[in-house]
Amino acid sequence: MKAAVLYGREEIRVESLEEGDLLAGEVRVRIGAALTCGTDLKVYRRGYHARMLTPPCVFGHELAGTIVEVAPGAVGWFVGDRVVCANSAPCGQCGRCAGGQENLCDDLLFLNGAYAESIVVPARIVAKNLLRLRPETPFEAAALTEPLACVVQGIQDLQLKSEERVLVMGAGPIGLFAVALAVEAGCEVTVAGRGEARLALARRLGASTVVDMEGREDLESAIRAMDPAIRFDAVFEAVGKPAAWEAATRLVRKGGRVNFFGGCPAGTSVTLDTSLLHYSNLTLLASFHHTPRSIRAALELIERGVIRVGDFVDGEASLDELPELFRSMAQGNRAVKTCIRPDR
């Protein structure tokens, strides 16, 4: 099969690889669509991911396709089934899983290899996080399930209420998902970010106020320029910079909630005003990954039309074009998500 192999920092080669035999409980999926992702871009820039993969390896983790082979033990699955799979599955046995925090599983099994013609889905993921699609669901729409599930988890953790004022910091795919879900929850949403097309999309998704951060670094000042006394009931931080984390705590009201969703670079730290946190009784969260529940909730949102593929997938490329695509992404390409078609 043809696959994109990551060899190290900013080095991708498209190669022909042998397809291995299936183990008990596994299925092989012919990939109909894979999507680019900010995490994959980080992997490309760094040349590795400490928890998920070690080069040389096939990478990518947002995918949907058709089952073409089923091993004994993969009960209920058949050749021809149209499916989407998550990029991980919890063990179901550790203390975190028993407590309903499967995203923090002590033995979380990850899956990479979406940038390829096919992928073998491990038995645990088949059992816990492989979902059948409706006949009319496009593969590129279904492939949004994994990143959307992470945001579903983050929005659920924030416990949004109708008519609350919500600030979304960042207008990348994650921030835009958060805008859509906060609007769906009945909230009044302000979004701060960069990129004319992305900010226009935020408005189409229902954001009532958009703050263009192009050429500006001080997010707090940009927000306060609208209203010096403004405070939000909840803040969803999707920038991943220490300054944004710090600003989020100063932009939320007394008793408000902040979700530090955007992961900052390893080794960085933040300085928080302890008096502000204590006397304003703030709730600070940091959501990570997804659970089998949020995976299913995400697919339901997609198949119900709350999340529309045309809003989030704004480009298409073949596997052969992937190395150049990642070079352009690393140089600042602001496409929301690009669909990779292995059969092109």
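Is region 158-166 home to any residue that is part of a helix (DSSP H, G or I), in contact (Cβ under 8 Å) with a residue 40 or more places away in the chain and over 21 Å from Arg204 (Cα atoms)? Yes, that holds for at least one residue. Which residue out of Tyr7, Tyr44 is under 30 Å from Ala171 (Cβ atoms) and either among the aromatic types (Phe, Trp, Tyr) or assigned to a loop (DSSP other than H, G, I, E, B) (or both)? None of the others qualify; the one that does is Tyr44.
Every residue, every condition in (1) among the small types (Gly, Ala, Ser); (2) touching a residue at least 60 places away in the same chain (Cβ under 8 Å), yes or no:
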residue	(1), (2)
Gly186	yes, no
Ala202	yes, no
Gly206	yes, no
Arg216	no, no
Ala222	yes, no
Phe236	no, yes
Ala243	yes, no
Gly263	yes, no
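The residues of region 248-264 that are under 17 Å from the mean Cα position of the chain (by Cα) and not in a strand (DSSP E or B), listed by number, are Phe261, Gly262, Gly263, Cys264. Within this structure, Leu199 passes the test of being under 19 Å from the mean Cα position of the chain (by Cα), outside any strand (DSSP E or B) and on the phi < 0 side of the Ramachandran plot. Selection of region 131-147 for residues being buried (at least 24 other Cβ atoms within 10 Å of the Cβ) and not in a helix (DSSP H, G or I) yields Ala143, Leu144.
Out of Thr268, Thr291, one residue alone is within 22 Å of the chain's Cα centre (by Cα), at negative phi and free of Cβ contacts under 8 Å to residues at least 60 places away in the same chain. It is Thr268. Of the residues in region 86-96, at least one is part of a helix (DSSP H, G or I), modelled with pLDDT of 95 or more and within 28 Å of Ser287 (Cα to Cα). Just one of the listed residues (Ile125, Ile119) is touching a Cys at 6+ places or on another chain (Cβ under 7 Å), touching a residue at least 40 places away in the same chain (Cβ under 8 Å) and not small (Gly, Ala, Ser), and it is Ile125.
Within region 231-247, how many residues are within 21 Å of Gln159 (Cβ to Cβ) and touching a helix residue (DSSP H, G or I) at 6+ places or on another chain (Cβ under 9 Å)?
Summing the residues that are within 21 Å of Gln159 (Cβ to Cβ) and touching a helix residue (DSSP H, G or I) at 6+ places or on another chain (Cβ under 9 Å) in region 231-247 gives 7.
The values are calculated or read from the model by the stated rules, or taken from the named source; none is laboratory data. If you're wondering where the values come from, they're calculated on a predicted model, not measured in any experiment. All Cβ positions, even for glycine, are placed from backbone atoms using ideal geometry, and neighbour counts span all protein chains on display.
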